[in-house]
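My structure is below; once you've seen it, I'll send some questions.
None of the figures in this text is laboratory data; all of them are computed from the coordinates on show. Computed from a predicted structure; not experimentally measured.
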Amino acid sequence: MQQTRHSVSYRVNRPRKLLVLTFALSTLNLSAQQYSADKPLGASAQSTPAYLKNAGIDQNLNHPLPLTDHFRDESNNDVTLGSYFGHRPAVMALVYFKCGMLCPQVLHGMGSALKQTSLHPGHDYDVIVASIDPSDKAADAVEAKQNFLMMLDDPSAASSVHFLTGQQASITDLAQATGFHYVRVPGPDGQMNQFAHSSVIMIATPDGRMSKYLSGVEYQPRDVRLALVEASDHKIGSFSDLVLLYCCNYTPSQGRYTVAVMRVLGLAAMCSVLMLIAVVYLLGKKPKPAV
């Protein structure tokens, strides 16, 4: 476990755990309330609050989600998490709807990336956004969903985008299954009504297992598309996606896809050999005699 000594906090885990965590500490009221006057100014201003140590992400790859747990959708209907699985992979995010800083950035980054993937919600994937705050209500989910649909810019996506609220037991089950750790922190009013958490979107398979974690607040459309194609067991996407997946590796520690150099070189060498064989064949062909 490591901590930076700046306003951005990171949690370093074992190889199967996500590396980068981003916290907008300006929203957490980490001013004079968090630092006692008897500490040296330089030391206290650069110290990371102890409670942030418990916020982070464990990459629970292939771990099943609690599909039987109950939530409330944006229409206040009682639904099970499993009702959104069975046909398509899902892009997931855990946020809270009263958040004024980090959560909107995560949702904006997710919407922007999905818009550029050329995949279609309801046909290729579903979106599931669940609140980690049990005090969030359906009205909060409605507002957050409307803002997200505007970013997604797809009028037909509403039936495939699900913003959920729930009781603490269901929230805890979902957070534990996804490896999403968060802690309550004091807001500007001194009440423990805000949360410190990581900025990440997650991809789940159609049968409700964790597949990929993409970190940060801006997500590469290529990474999101490849993660969805891979989670679907290649049932969506194109031949070019298969080539890209062969040429790229998902790196859990970085939460993104990186180029597999040796595979690219091997593919280039194979293509060169095939071209050489074709050239030799064409040169060796005897010309047809003139009639």
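Need one word for the stretch 92-149: rounded, prolate or oblate. Basis is the Cα gyration tensor (sqrt eigenvalues a ≥ b ≥ c); a/c below 1.5 gives rounded, then a/b vs b/c decides.
Prolate.
Tell me the relative contact order for the stretch 92-206 as a rounded percent, counting alpha carbon contacts under 8 Å between residues six or more apart.
Reported relative contact order: 32 percent.
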